[in-house]
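Enquirer: Got a structure for you, written out below as structure tokens; questions coming shortly.
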Ligand code: FES
């Protein structure tokens, strides 16, 4: 499967769980807290990156050789203010820590783009791949870079539009 096809499949398959949370839909995941930067507006059409900082992501016991604060600073420096960076409690895929979720802008979302969950983002080099991808358009606009394909996380193996699961 080519990179473009794989990317399209991934974008169709990953359910926008975090957006549901921030939009207030009720389900068992509603208790997960996503903090928004102050000043976020309802008319904001920026995309977002959600950084998990729960029990495992960002935990020095889980990843003792990683400076998680430095990584978060680096990501913010690369992305803000054009893209929102928000922090979440555990996203329930701890085996994939550290987890990032790249959400398209609301307008891209309406055009069919879907959030992409990324696993094991544990270096500035991988963060740079994410930031460069977002800078070129991100989900729905530009295929996922080859370097990130092995980092795609499909938390619930949801079916794609074609009816096939990732699991
Ligand atoms: S702490 Fe990140 S998925 Fe659980």
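Every number in this text was worked out from the coordinates using simple rules, so none of it is lab data. Computed from a predicted structure; not experimentally measured. Here Cβ is always computed from backbone atoms with ideal geometry, including for glycine, and neighbour counts include all displayed protein chains.
Enquirer: Between residue 110 and residue 62, what FRET efficiency comes out of the Förster formula 1/(1 + (r/R0)^6) with R0 = 25 Å and r the beta carbon distance, rounded to 0.05? All intermediate terms of the calculation are to be shown ahead of the outcome.
Expert: On the way: r = 37 Å, r/R0 = 1.47.
Computed FRET efficiency for residue 62 and residue 110 comes out at 0.10.
Enquirer: Taking square-rooted eigenvalues a ≥ b ≥ c of the alpha carbon gyration tensor, is region 91-141 rounded, prolate or oblate, where a/c under 1.5 means rounded and, failing that, a/b exceeding b/c means prolate? Let's see the in-between values first.
Expert: Values: a/c = 3.83, a/b = 1.44, b/c = 2.66.
It comes out oblate by the Cα gyration axes.
Enquirer: May I pose another question? Per 0.36 nm of contour for each residue apart, how much would the distance between residue 149 and residue 94 grow if the chain were fully extended, relative to their Cα-Cα spacing?
Expert: Working: separation 55, 0.36 × 55 = 19.80 nm, distance 1.88 nm.
My answer for the length gained is 17.9 nm.
Enquirer: Let me ask something additional. Put a dot 7 Å past each Cα toward the Cβ at residue 80 and residue 142; how far apart are the dots in nm?
Expert: In this crude label model, residue 142 to residue 80 measures out at 2.2 nm.
Enquirer: Report the relative contact order of region 60-155, percent, no decimals, based on alpha-carbon pairs under 8 angstrom and at least 6 residues apart.
Expert: Numbers: 95 pairs, mean separation 26.7, N = 96.
Averaging sequence separation for qualifying contacts and normalising by length gives 28 percent for region 60-155.
Enquirer: Related question: Would you mind ranking 103, 88 so that the residue whose beta carbon has the fewest other beta carbons within 10 Å leads the list?
Expert: On the way: 103 26, 88 21.
With the fewest neighbours first, 103, 88 line up as 88, 103.
Enquirer: Return the FRET efficiency for the residue pair residue 123, residue 43: r is the Cβ-Cβ distance, R0 is 35 Å, and the value is rounded to the nearest 0.05.
Expert: Values: r = 35 Å, r/R0 = 0.99.
The value I calculate is 0.50.
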